[in-house]
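A quick write-up on the structure given underneath.
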Amino acid sequence: MKTQLDNTKEILKELVSFAVMSGETNLPMVNYMVDYLEHHGIQAELVFSEDQNRANLFATIGPKNGDGVMLSGHTDVVHVTGQQWSTDPFELTEVNNRLYGRGSVDMKGFLACCLASVPVWQAQGLKRPIQLGFTYDEETGGYGANRLSQWLKDNPQKPSCAIIGEPTSMKIIAGHKGGNEITTRITGFEAHSSRPDMGVSAVHYAVKMINFILEKAEQQKQKADLDSMFDPPYCSFNIGTIKGGSSRNTIAGFCEFDWETRPVPGDDETEILNEIEQYCQSVLLPEMKKHCPQANIVTDVKSLVPGLAIDKDSSTIQMIESISEEQGYDVVSFGTDAGYFQSIGIDSVVFGPGNISQAHKPDEFIEISELENCLSFLDRLGQHLS
Ligand SMILES: [Zn+2]
């Protein structure tokens with residue numbers, strides 16, 4: 001007789017074998033899950049990316065409407081390029097009570113637990129629905145969750161609670177910061193370095209802009225809320241890469257830098273970004289254009305991932321506390337899809353198996369005991385909703 005754990009391992013083995021990098025198609029993996037659900041009599045719905053290349057999966061177990069608990073996880077994983085693995089990253093390998101493979105902990109282990117629990121919930125006779133909301137492209141900016149939340153917003157199937165099963169070692173996480181990935185490209189005008197009057201240095205203007213960004217960063221630090229659970233308790237900034245210019249004695253015609261902000265939920269990051277843009281448009285660009293009309297500064301905000309604000313009265317937290325040994329909550333520094341769901345009024349928390357410190361690294365693994373803990377939680381969740 002196969003146990004729940006055996007079923008979970010079997011499903012996880014399949015899921016890990018689909019090498020779904022963010023931005024690449026996840027459809028073969030999604031189709032596998034659609035077939036699995038269909039086999040259990042459940043019709044999944046797909047919410048596609050604009051280019052139809054990737055899809056979110058949404059499915060309901062139990063009654064079709066009202067007050068559902070959505071279990072959410074992402075289908076994509078990070079690259080293995082340049083990493084030294086002791087095993088094939090896309091073949092689940094069991095060693096010493098651990099399961100190795102890319103995505104085992106982040107976060108196909110959770111998806112496998114959910115899928116394996118479907119027949120259990122069906123046998124329990126749910127009165128409130130359990131819903132599955134599996135997303136794409138979480139690792140690169142939550143694009144899938146953004147789309148799924150737009151789809152759910154005015155949908156009668158919109159869940160009231162969401163548990164995002166990112167690896168928290170089965171601890172309740174009630175909040176995390178947001179994240180904005182930004183690239184700025186500056187076009188100047190090349191000239192011999194002996195004639196600064198003939199050119200416009202993109203590198204010099206990048207320095208001016210970065211100085212302004214760092215001033216904003218310092219202001220945010222001064223405004224820190226010292227009672228906040230977040231660490232650091234303010235919106236942080238980082239200029240991660242910078243490249244530009246062609247040689248020491250040429251005035252740089254081009255400069256590009258990648259930067260980010262990590263706002264605390266409640267910070268008005270759009271206002272901060274607007275102030276920076278305003279400075280470029282009204283101070284830097286007019287100066288540059290005086291010498292070179294085609295000079296330009298283009299800032300491209302690639303993703304604006306919302307943070308998860310702590311809701312002390314969250315009914316999802318109360319529900320998890322009532323059916324597990326976990327009491328109280330914490331915050332984490334990594335981002336998840338949860339902020340998107342919270343932004344459309346779904347009471348969302350992060351709670352899932354495995355340790356985040358094993359994610360994104362070579363020899364990523366999940367402890368089998370973590371899967372067992374998750375399965376037993378999902379079983380109690382089903383009982384609670386029956
Ligand atoms: Zn993840």
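Tell me, yes or no, whether the range 297-305 has at least one residue that is away from the ligand (no atom under 16 Å from the Cβ) and assigned to a loop (DSSP other than H, G, I, E, B). Give the steps one after another, and end with the answer.
Filtering the range 297-305 down to residues away from the ligand (no atom under 16 Å from the Cβ) leaves 297-302, 304.
Of the ones still in play, those that are also assigned to a loop (DSSP other than H, G, I, E, B) are none.
Scanning the range 297-305 turns up no residue that is away from the ligand (no atom under 16 Å from the Cβ) and assigned to a loop (DSSP other than H, G, I, E, B).
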If we scan the range 280-295, do we find a residue that is crowded, with 21+ Cβ neighbours inside 10 Å, under 29 Å from the mean Cα position of the chain (by Cα) and on the phi < 0 side of the Ramachandran plot? no
Only one of THR261, THR270 is among the β-branched types (Val, Ile, Thr), under 30 Å from ASP330 (Cα atoms) and buried (at least 18 other Cβ atoms within 10 Å of the Cβ); which? THR261
ILE61 is checked against (1) in contact (Cβ under 8 Å) with a residue 40 or more places away in the chain; (2) over 19 Å from the mean Cα position of the chain (by Cα); (3) farther than 22 Å from PRO119 by Cα and fails just one. What number does that condition carry? (3)
Give just the number: which of (1) of a type in the set (Phe, Trp, Tyr); (2) away from the ligand (no atom under 16 Å from the Cβ); (3) not in a helix (DSSP H, G or I) does PHE377 not satisfy? (3)
Output the residue which, of all residues in the range 1-58 that are among the charged types (D, E, K, R) and not in a loop (DSSP other than H, G, I, E, B), is surrounded by the most Cβ atoms within 10 Å (Cβ to Cβ). LYS9
Which numbered condition in (1) modelled with pLDDT of 95 or more; (2) more than 16 Å from the ligand (Cβ to nearest atom); (3) out of contact with any helix residue (DSSP H, G or I) (no Cβ under 7 Å at 6 or more places or on another chain) is the only one that ASP347 fails? (3)
Does PHE341 satisfy being modelled with pLDDT of 95 or more and either within 16 Å of the ligand (Cβ to nearest atom) or more than 17 Å from the chain's Cα centre (by Cα) (or both)? yes
I'd like the full set of residues that are touching a Lys or Arg at 6+ places or on another chain (Cβ under 8 Å) and more than 16 Å from the ligand (Cβ to nearest atom), limited to the range 100-145. PRO129
Hits in the range 228-265 (condition: within 13 Å of ILE210 (Cα to Cα) and among the acidic types (Asp, Glu)): GLU256, ASP258, GLU260
Look at PHE90 and say whether it is within 14 Å of the ligand (Cβ to nearest atom) and aromatic (Phe, Trp, Tyr). no
Taking the range 155-174 and keeping residues more than 15 Å from the ligand (Cβ to nearest atom), out of contact with any Ser or Thr (no Cβ under 7 Å at 6 or more places or on another chain) and under 18 Å from PHE134 (Cβ atoms) leaves ASN155, LYS158, PRO159
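The values are calculated or read from the model by the stated rules, or taken from the named source; none is laboratory data. Remember, it's a predicted structure, so these values are computed and weren't measured experimentally. Positions of Cβ are generated from backbone atoms using ideal geometry, with glycine treated the same way; all protein chains shown enter the neighbour counts.
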